[in-house]
Amino acid sequence: MTKNKNNQTIWNTRIKKNVSTLFQKVGNSIDIDKKLYKEDIEGSIVHTEMLFRQKIISFKIKNKIIYGLNKIEKEILKNKFEYNKKYEDIHMNIEKRLFQIIGEEAGYVHTARSRNDQVITDFKMWIRSATKEVNKNLDNIIKTILKISEKNIYTIMPGFTHLKNAQAVSFAHYLMAYVEMFNRDKQRFFNNLESLSENPLGVAALTGTSFNIDRNFTTKNLGFKKPTNNSIDTVADRDFVLDFLYSVSVCSMHISRIAEELIIWNSDGFNLINLSDKVVTGSSIMPQKKNPDLLEFLRGKTGSTYGNLFSMLTILKGLPISYFKDLQDDKEIVFKSNETLGNCILILNEVLKNLNPNKQKMLNLANTGYITATDLADYLVKNHSMSFRKAYKITASVVNYAEKKKKKLNELSIDELKSIESKLTIEVLKIFDLKNSVNSKKSYGGTSFDNIKKMIINYKKNLK
Ligand code: ARG
């Protein structure tokens, strides 16, 4: 029997010298992959149960191994587990400790498995939980947005295109656009659960195994749907990692868009929203300043999540299939992206809760830039039977006239309007009312008050 002295690596019989200290220092991953301890122990327990059911190991050995693994989990939870860089990663650290606790019979736990299938089993399980957690946190943001929206259905602001005043909208409608984005994020994360549902355990190093294992048993007991089909692809596949990193990237891109929007609205030029003192920071030299640093943090962090996605894509590019050490970096990248997104979601939620619309400023801004011009064109089409292009031209002349006279559209008299288009009657004046303009957009998905109310109700129902 191979001796496993506790201070030696598993492969010390074959490899006589210790790996260079430099590589030991940089090549180990224990500080990172110790996050996988729970999944690793769960996977090992189910694997051990399976080995026993398949008569590959005895009842006594199975019980000893499971006893040891449970003890290790408790030690880790109580911070009493000593991680050793020499044993590279979480899998070897746990296996080494198992030897210390139950002795030589620990050597049976790695029957019919390799770290290659072990690590991706753990990792898929970890990403599965992380995915569900992200979605829970996204629900909190959606809830916060719905709350603000409910209070601001009748808050009118300009909608922009090219950042120029375009048409009037409800502030709630604007915010609800972000609910759509975060909802798509949730769906995207949810869809990933499918690519995480194939069980890698049992493909061993790359070929499968000659032991009579039962992959359906481990599949069922580790919460997967089916075993993977090809052993070589299984140990090489990191598509599920890319899916996660991509979903994180898209979600942080959405967060950066709302962050940028709020930065603009909070700027002194726009002044459409106020941020409470809880979410701004001061300047070291300018005593008057209140800066939206948290929002800038959110906008900036998108850079790291994109970077992480590109790191992984680059690691995989041109890598022959099966396992290579290159792949070890996948975990650090995913953990970092997950942590960054988790923080960003919490921060955004906090900022949203500390945001107040400056309703008067919103209305004032909506009153500039002739934003009811399109409403006038639509009115002409509907009431004076003309084509949209003709109506567009007449409206442009009205805007030119108002600009020359330094008047807003709602300050023009009916006589002035008639001098441009004689068919117009006094009725047309209501068209320049902003509330009327917002509420007239009743087409599905538009900014009318009823549409917004219905959407809020729908989303509230979905969240329950
Ligand atoms: N820590 C390794 C990783 O995460 C586990 C797989 C090691 N397999 C191997 N053949 N060296 O990639």
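The values are calculated or read from the model by the stated rules, or taken from the named source; none is laboratory data. Owing to the predicted nature of the structure, the values given are computational and were not obtained by experimental measurement. As a convention, Cβ positions derive from the backbone with ideal geometry for all residues, glycine included, and neighbour counts pool all protein chains shown. These area figures cover heavy atoms from the full protein model, side chains too; ligands, DNA and RNA do not enter into them. Shrake-Rupley method; radii C 1.70, N 1.55, O 1.52, S 1.80 Å.
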So, of the residues in the stretch 14-29 that are charged (D, E, K, R) and either over 36 Å from the mean Cα position of the chain (by Cα) or within 19 Å of residue 115 (Cβ to Cβ) (or both), which turns out to be most open to solvent (accessible area, probe 1.4 Å)? 14
Would you call residue 9 open to solvent by 100 Å² or more (accessible area, probe 1.4 Å) and among the β-branched types (Val, Ile, Thr)? no
Conditions first: (1) over 24 Å from residue 365 (Cα atoms); (2) in contact with a Phe, Trp or Tyr (Cβ under 7 Å, 6 or more places away or on another chain). Residue 421 passes all but one, so which condition is the exception? (2)
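Kindly indicate the residue of the stretch 298-320 that is part of a loop (DSSP other than H, G, I, E, B) and in contact with a helix residue (DSSP H, G or I) (Cβ under 9 Å, 6 or more places away or on another chain) and also most open to solvent (accessible area, probe 1.4 Å) among those meeting that condition.
Taking the candidates together, the pick is 320.
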Check the stretch 186-206 and report whether any residue there is of a type in the set (Val, Ile, Thr) and open to solvent by 30 Å² or more (accessible area, probe 1.4 Å). no
Determine, yes or no, whether residue 111 is more than 16 Å from the ligand (Cβ to nearest atom), in contact with a helix residue (DSSP H, G or I) (Cβ under 8 Å, 6 or more places away or on another chain) and open to solvent by 20 Å² or more (accessible area, probe 1.4 Å). yes
crowded, with 18+ Cβ neighbours inside 10 Å and assigned to a loop (DSSP other than H, G, I, E, B): which single residue out of 224, 211, 244 fits that description? 224
Mind checking which pairs have a first residue in the stretch 114-126 that is open to solvent by 20 Å² or more (accessible area, probe 1.4 Å) and a second that is more than 7 Å from the ligand (Cβ to nearest atom) and β-branched (Val, Ile, Thr), Cβ under 7 Å, 6 or more apart or different chains? 116/235
Only one of 286, 253 is within 15 Å of the chain's Cα centre (by Cα), open to solvent by 10 Å² or more (accessible area, probe 1.4 Å) and among the aliphatic types (A, V, I, L, M), namely 253
Can residue 202 be described as touching a strand residue (DSSP E or B) at 6+ places or on another chain (Cβ under 7 Å) and within 16 Å of the ligand (Cβ to nearest atom)? yes
What pairs come up if the first residue lies in the stretch 13-41 and is closer than 9 Å to residue 85 by Cα, the second is crowded, with 18+ Cβ neighbours inside 10 Å and among the hydrophobic types (A, V, I, L, M, F, W, C), and their beta carbons are under 7 Å apart, counting only those six or more places apart or on different chains? 30/90
Got a sec? Which of 104, 82, 73 is away from the ligand (no atom under 16 Å from the Cβ), at pLDDT 95 or above, out of contact with any Leu (no Cβ under 9 Å at 6 or more places or on another chain) and closer than 29 Å to residue 219 by Cβ? 73
Residues of the stretch 437-449 being open to solvent by 50 Å² or more (accessible area, probe 1.4 Å) and in contact (Cβ under 8 Å) with a residue 12 or more places away in the chain, in sequence order, are 440
Any residue at all in the stretch 284-307 that's closer than 22 Å to residue 130 by Cβ and aliphatic (A, V, I, L, M)? yes
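Residues checked against (1) aliphatic (A, V, I, L, M); (2) farther than 30 Å from residue 38 by Cα; (3) touching a Pro at 6+ places or on another chain (Cβ under 9 Å):
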residue	(1), (2), (3)
91	no, no, no
96	no, no, no
102	yes, no, no
105	no, no, no
143	no, yes, no
153	yes, yes, no
167	no, yes, yes
181	yes, yes, no
187	no, no, no
